[in-house]
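Before any comments, here is the structure.
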Amino acid sequence: MSALHHIAIFASGTGTNARAIMQHFANHMAIKVALVVTNNANAGVLNFADEFNVPTVVVSRKEMADEAYFTSVLDLYKIDFIALAGFMQLIPLYLVKKFEHRMVNIHPALLPKYGGKGMYGMYVHEAVCSARETETGITIHYVTEHYDEGAPILQKQVNVLPGETPVQVAAKVQKLEHEWYPKVIEQLLS
Ligand code: GRF
């Protein structure tokens with residue numbers, strides 16, 4: 001493994017977490033965001049990648065399932081660590097195995113609560129508010145072939161106040177995400 005770590009960020013949407021990670025590592029000596037992978041050619045994350053001069057690749061589900069093809073893409077950019085940041089596609093098993101303990105995800109709730117299929121974006125915060133939870137937060141965890149089930153690496157909590165709306169809760173959770181996701185990646189690679 002080379003001294004310089006090469007991270008790929010996989011994202012399907014706006015990409016605010018991807019942006020926070022790219023910002024954090026922009027002038028880092030040992031860690032470089034080398035690639036942004038998306039399955040959505042219109043994803044906002046592509047604009048953030050341009051802003052930080054990070055190469056991008058758009059891959060279909062079929063292309064990602066093609067081990068020889070997709071492995072060659074990751075090898076081309078010397079990727080040795082993957083951070084999922086709102087990537088809305090199940091990771092193929094060959095990739096989970098190849099990047100065991102070198103692929104992480106962030107979830108906007110305290111797993112195992114409010115995780116699994118269909119629990120993404122505002123659905124998570126709506127469910128948290130409907131259940132009148134008094135706290136929620138973030139979970140950063142290793143990736144396995146099942147949604148949101150890998151071993152947790154870090155959880156951070158935030159209070160949910162009576163009457164708070166899902167949008168308000170989302171904003172608090174997003175703040176935690178941007179603060180902690182880059183730091184955890186840095187710790188794991190140090
Ligand atoms: C984040 O809430 C993350 O926890 C979840 O997907 C969302 C991505 O948001 N996995 P963004 O595109 O980074 O703004």
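Laboratory data are not the source of any read-out in this text; all were calculated from the coordinates shown. Quick caveat: nothing in here was measured; it's all calculated off a predicted structure. Note that each Cβ is placed from the backbone with ideal geometry, even for glycine, and that neighbours are counted across all protein chains shown.
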Residues whose built amide H sits under 5 Å from the amide H of PHE10, excluding neighbours closer than 5 in sequence, are VAL37, ALA83, LEU84, ALA85
List, in order, the whole-Hz ³J(HN,Hα) value for each residue of the range 91-101 obtained from phi through the Karplus relation with A = 6.51, B = -1.76, C = 1.60 and θ = phi - 60°; use x for Gly and Pro. 7, x, 4, 4, 6, 4, 5, 4, 10, 4, 6
Cross-link reach list, lysines versus LYS117, counting only Cα pairs under 24 Å and skipping chain neighbours closer than eight places: LYS62, LYS97, LYS98, LYS156, LYS172, LYS175
How big is the dipole moment of the chain about its Cα centre under a simple scheme where the beta carbon of each Lys and Arg is +1, that of each Asp and Glu is -1, and everything else is neutral? Debye, nearest 20, please. 100 debye
With VAL160 itself left out, Lys, Arg at +1 and Asp, Glu at -1 over residues whose Cβ is under 11 Å from its Cβ give -1
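Considering Cα pairs under 8 angstrom that are at least six residues apart, work out the relative contact order of the range 37-190 and quote it in whole percent.
Worked out over the range 37-190, it gives 18 percent.
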State, as an integer percentage, the relative contact order of the range 1-99 based on alpha-carbon contacts under 8 Å between residues 6 or more apart. 38 percent
Pairs of Cα atoms under 8 Å, at least six residues apart: use those to get the relative contact order of the range 82-127, whole percent. 36 percent
Determine ³J(HN,Hα), in whole Hz, for all residues of the range 53-58 in sequence, where each value follows from phi through the Karplus function 6.51 cos²θ - 1.76 cosθ + 1.60 and θ = phi - 60°; x replaces Gly and Pro. 6, 9, x, 10, 9, 9
I need the shape label for the range 103-190. Rule: rounded when a/c is under 1.5, else prolate if a/b > b/c, else oblate, with a, b, c from the alpha carbon gyration tensor. oblate
Can you give the Rg to Rh ratio of the chain, both from alpha-carbon atoms, with Rh computed by the Kirkwood formula? 0.96
All other residues with a Cβ under 14 Å from the Cβ of LEU111 taken together, and with Lys, Arg as +1 and Asp, Glu as -1, what is their net charge? -2
Starting from the eigenvalues of the Cα gyration tensor, five times each then square-rooted, give me the equivalent ellipsoid semi-axes of the range 76-141, largest first, whole Å. 28, 11, 10
So which chymotrypsin sites (Phe, Trp or Tyr not before Pro) in the range 84-120 end up in coil per DSSP with only 10 or fewer other C-beta atoms within 10 Å? none
What is the helix-to-structure angle for 67-76, meaning the angle in degrees between its Cα long axis and the longest Cα principal axis of the chain, kept from 0 to 90 and rounded to the nearest 10? 80 degrees
Derived scalar couplings ³J(HN,Hα) [the range 119-132; Karplus, 6.51 cos²θ - 1.76 cosθ + 1.60; whole Hz; x for Gly, Pro]: 8, 8, x, 5, 4, 5, 6, 5, 5, 4, 5, 4, 7, 6
Counting only residues 5 or more apart in sequence or on a different chain, those whose built amide H sits under 5 Å from that of ASN40 are VAL59
For the range 5-63, what number results from the quotient of the Cα radius of gyration and 2.2 N^0.38 Å? 1.05
Once you place label points 7 Å from the Cα toward the Cβ at SER190 and MET29, how far apart are they in nm? 1.2 nm
